[in-house]
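Take a look at the structure below.
Just so it is clear, none of the values below were taken in a lab; they were calculated from the coordinates. Bear in mind the structure is a predicted one, so any value in this text is a computation, not a measurement. For neighbour counting, all protein chains shown are included, and Cβ atoms are generated from backbone atoms with ideal geometry for every residue, glycine included.
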Amino acid sequence: MNKILILAEAKENTFKSNAFEAVTAGKHIAEALGTGFDVIAITDASDEQLKSLGKYGAAKVYHLNLSELNSKGPAGIKYSHSAIASAAANFANTKGYDIIIISGTSFGKEIAPMISVKTDSAIITDCTGYNAADGKISLKRPSFAGKCNTKVNYLSGKAVITLRPNVFKAEAAEAACEVEEITPDSVNISASDFKTCVTDVVVSSGKLDVAEADIIVSGGRGLRNPESFKLVEDLAEVLGAATGASRAVVDAGWRPHGEQVGQTGKTVSPSLYVACGISGAIQHLAGMSSSKFIVAINKDKDAPIFQVADYGIVGDVFEILPAMTEEIKKLKV
Amino acid sequence: MKIEVCVSLVPDSTTKVKVGASGKSIDEAGVTYIINPYDEFAVEEAVQLKEKNGGEVTAISVGTDRSKEAIKKAYQMGADKGILVKSDSADIDSFTVAKNLAAVIKEINPDIIFFGKQSIDYDGSIVTGMTAEILGLPYVNVVTKLELNGNEATAEREIEGGKEVVKTSLPAVFGAQKGLNNPRYPNLKSIMASKSKPIEEKPFANERKTEVAEMSLPESKGQGKIFTDGVSNVPELVRLLREEAKVI
């Protein structure tokens, strides 16, 4: 009972931390439920890459070659979310898994609802914790962009679970990893499964995305004009950080919406979040207060951002930002 | 062209969340409800499509009587018809919403269906995909650009650090992300007209697969180290980040 399947996502044929986090979380959940787990990977990753999942305790990896899968669909596609979801769901249905664990990346979020319907499972997304009891697990997930947490139970026997990236830690647990190849035919894939096809992936010009960054430097109204964001970008550069923005400056057209952090932007939990000239409106706090360390720089000592900050300086952002950039440069020499 | 847009009503993003007496949902006292902000991009896209190609926009919501406010907002922005699948309780899980939406959409048999990419209350980001899958339709979520050419659709979808170009064919379901368009501000005339416009009600079927067992507020952090001497504190701050927090 309670067989667990982990879908390991590879980006450009390489497994990233989110895949290892999913394997570790799946391993722990399997242990807590007294069951085993398997991994499925739909990718053109090398055998060596596939076996790297064994370093996190994956003893069995089922591998479906992405190029082979794509050969069942239209020519010239990169991948198809719908076909990948069909393949994973059909595989899970055939083998009888009860819990399917997927990392909640943009890819995972897209395929998880399809897989839940195809496997007749409940779905609980963006999980940050779990509790195992009586052969079932309940999941903890933030709601209202982190203003509160909910503990959610699934009522049917089966569940699809997505994990918030960067929350569960990947832990080394060496296992002898066996890779078993599966074919598109064995999971009943046909041309009709290719309902959506990705024909191109465009990477923003070398910019680190706030959703993936370990450090974020964010700016708000306190920077007074779009040009001053140079100060934020300079600090971000020396820290190897992504630049973020408050809703006010995105709405004002100073920054692209992809940088917006908050309830109507991105919810982030980096190791370090530096808020510059951001007062800390409740909808902004909701999106970043789960960051491990928060630094606030604001001229108003009563700004709400200081209530969630681990460190802060009350003062002029135009003086402090360049000084921080210089001070950190010194460390790097 | 038959165009559907699915909308929901959510607490305003300035809401300070408190846990209600049941311990399983928020305290609704003093909460202002608005149309889910991402749904505005969905309504705008639907109305623009109607203005370009002709047709009819139907706004659908699943929820209590209160959810009519979301449909009225869609009316103000240019939707023609509204349907509320009316539940007595606000405690509805995503699967139930998707099932009820799918039942209504199946009857109408539209050419295209829009959602907001997620609602800002439970942030599940799953109703769009489940509804599409129940209907057997293709779907693309987090869409920032959409081009239609006959039945062929090309969508741009935001991903980490870039975008995907996704091709599909209608009928299809799309989840709108900020940036897809600029939602219009309703004028006074449309606001007045929306008040008396009828909303059709349909019966609700509960098909839940999940339940909230408990809701709690995040643990608050202790007071941080806040310095008040401006730029002269920078070396100390950087030292703490390096030696105490060990994050740089």
Under a GNM of chain B (C-alpha, springs under 10 Å), which listed residue has the highest mean-square fluctuation: B:V212, B:V47, B:V234? B:V234
Given the options B:E28, B:E40, B:E156, which has the most mean-square fluctuation in a GNM of chain B, springs set between C-alpha atoms less than 10 angstrom apart? B:E28
Which whole-Hz ³J(HN,Hα) couplings does the range A:236-253 yield from phi under the Karplus relation 6.51 cos²θ - 1.76 cosθ + 1.60, θ = phi - 60°, glycine and proline marked x? 4, 5, 5, 8, x, 9, 8, 9, x, 8, 7, 4, 4, 7, 6, 4, 6, x
Based on other C-beta atoms within 10 Å, arrange A:R224, B:R157 from fewest to most. A:R224, B:R157
Order of B:179-185, B:220-226 by packing, highest average Cβ count within 10 Å first? B:179-185, B:220-226
Considering every residue in A:102-110, what mean count of other chain Cβ atoms within 10 Å of its Cβ is obtained? 4
The Kirkwood hydrodynamic radius of the range A:109-224, taken as the inverse of the mean 1/r over all distinct Cα pairs, in Å, comes to 18.7
When chain A is treated as a Gaussian network with springs between alpha carbons less than 10 Å apart, the largest mean-square fluctuation among A:S82, A:S46, A:S138 is found at A:S46
For the range B:1-43, alpha-carbon Rg and Dmax in angstrom: 13.8, 46
Taking θ = phi - 60°, what integer Hz values does the Karplus form 6.51 cos²θ - 1.76 cosθ + 1.60 yield along the range A:174-191, in sequence order, with x for Gly and Pro? 4, 9, 5, 9, 9, 9, 10, 7, 10, 10, x, 5, 5, 10, 6, 8, 10, 4
Rg/Rh over Cα atoms for the protein assembly as shown, Kirkwood Rh, comes to 0.96
For A:K301, the lysines lying under 27 Å Cα to Cα, once residues fewer than eight places off in the same chain are dropped, come out as A:K147, A:K230, A:K266, A:K292, B:K16, B:K18, B:K221, B:K225, B:K246
Using Cβ contacts closer than 10 Å as the measure, can you line up A:V187, A:V232 from fewest to most? A:V187, A:V232
Taking every residue in B:14-21, how many Cβ atoms of other protein chains lie within 10 Å of its Cβ, on average? 3
Going fewest to most other Cβ atoms within 10 Å around each Cβ, A:E212, B:E207 line up as B:E207, A:E212
Pull up the DSSP beta bridges for the range A:4-193 and report the antiparallel fraction as a percent, rounded to 5. 30
Just the Cα atoms of chain A, one point each, no solvent: what log10 I(q)/I(0) does Debye give at q = 0.12 Å⁻¹? -0.89
Could you give me the percent of Cα pairs per 5 Å distance bin for chain B, shortest bin first, beginning at zero and ending with the bin that holds the maximum distance? 1, 6, 12, 16, 17, 13, 10, 8, 5, 4, 4, 3, 1, 0
Count, for each residue of A:121-128, the Cβ atoms from other chains sitting within 10 Å of its Cβ, then give me the mean as a whole number. 5
Sorted by chain and then number, the residues having a modelled amide H within less than 5 Å of the amide H of B:E160, at least 5 places away or on another chain, are A:S106
Taking the DSSP beta bridges in the protein assembly as shown as the whole, what percent of them are antiparallel, to the nearest 5? 35
Among DSSP beta bridges whose residues both lie in chain A, state the antiparallel percentage, nearest 5. 25
Hey, if you drop one equal point scatterer on each alpha-carbon of the range A:4-193 and run the Debye formula without solvent, what base-10 log of I(q)/I(0) do you get at q = 0.18 Å⁻¹? -1.22
What percent of all Cα-Cα pairs in the range A:238-296 falls in each 5 Å bin, counting up from 0? 4, 21, 32, 29, 12, 3
